[in-house]
1. Would you kindly derive the ³J(HN,Hα) couplings of the range 215-232 from the backbone phi angles with the Karplus curve 6.51 cos²θ - 1.76 cosθ + 1.60 (θ = phi - 60°), listing them in order in whole Hz, with x for Gly and Pro?
2. At 1.4 Å probe size, what's the solvent-accessible area of Phe178? Round to the nearest 10 Å².
3. Which shape class, rounded, prolate or oblate, goes with the range 111-217 when its Cα gyration tensor gives a ≥ b ≥ c as root eigenvalues, a/c under 1.5 marks rounded, and past that a/b bigger than b/c marks prolate?
4. Need the C-alpha centroid separation for the range 207-255 versus the range 53-94, integer Å.
5. Using mean Cβ contacts within 10 Å as the protection proxy, how do 101-111, 52-62, 218-228 order, highest first?
6. What does the extension gain come out to for Ser154 and Asp177, with contour length at 0.36 nm per residue minus their alpha carbon separation?
7. Which residues does a label at Ala97 reach in the range 206-245, if reach means a backbone N under 20 Å from a point 7 Å past the Cα toward the Cβ?
8. Once you have the Cα-Cα distance between Gln205 and Thr184, take 0.36 nm times their residue separation minus that, and quote the gain in nm to one decimal.
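The values are calculated or read from the model by the stated rules, or taken from the named source; none is laboratory data. On a predicted model such as this, the values are computed, not experimentally measured, just so you know. Using ideal geometry, Cβ is built from the backbone for each residue, glycine included, and neighbour counts are taken over all protein chains shown. Areas reflect the complete protein model, heavy atoms only, side chains present, ligands, DNA and RNA absent. Shrake-Rupley method; radii C 1.70, N 1.55, O 1.52, S 1.80 Å.
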Amino acid sequence: MVRRVLATAVAVAVAGGSLAGCGGRSRPAGPESGRPDAAKATPYAGPADVPERLGNDGTTITVGDPAAPVTVHLYEDPRCPVCKEFETTGAAPELRAATVRREAKTQYTLASFLDGRLGGQGSRKAVNALRAALDKGRFAEYHDVLYANQPEESVDGFTDSSLLQLAGRVPGLRGPDFDAAVKTMKYRSFVTEAEDAYERAGGAQDPKGRGTPTAEINDVPVPVQYNGLLFDKKIFGDMLRTIRDNPESWQAGSS
């Protein structure tokens, strides 16, 4: 019933153009009305109180209550302007709110392919810095700051100095350990392994990755023709509530 859920959330999905360098998106038409909320766990006090951790695979970063009923796995590159759109004006604020409410948890696989495509080291440096922020329990806050202040895609703007300056906007993040990790690329192996994980996720059909941003919800990929729902808070929020209240409606192999 995956496509039935999507059809409920998105009345019409039309093909759209792609932006150079990373994933494109299609634009959906209007959503169906929302569904009533189910009983909720006690929300976190705010984003700074939401737990975050590195998964056993060594590459997946999870933000949110481990017992949350909905898991949204995002694939992003820090230099991708479409990822910025998703994170700042798209559906990501709705996802963050659901994560604070303990209705969803968010997983991240951080790609860095745009460095190879455009030149420079900005994606790799940003992914390294994000991994360092995880050690301080400030990954999610720093992640949001980086996307809100993302340089132009063609500009290799995530430098050591800019990453440290932006880290200063996250309380409790700057310090000798974090600063040294940024300057020395302490987590370069994590950067490589995360890019490899991103490419593997594309499978045989997309051996270099499926484009960014893409999402899986409860281990089921959002079909590319419906990728536009990632850019509409209302549609995405309605769909998260539908899956939360009726998880069997969103299962691999369902139609």
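1. In residue order, the calculated couplings are 9, 10, 10, 6, 6, 10, x, 6, x, 4, 5, 10, 4, x, 5, 5, 10, 10 Hz.
2. Taking all protein chains as shown, Phe178 has close to 0 Å².
3. The shape class here is prolate.
4. Their Cα centres are 13 Å away from one another.
5. Order by mean packing, descending: 101-111, 218-228, 52-62.
6. Working it through step by step, the gained length comes to 5.3 nm.
7. Residues 228-245 qualify, since their backbone N sits under 20 Å from the label point.
8. Roughly 4.0 nm would be gained on extension.
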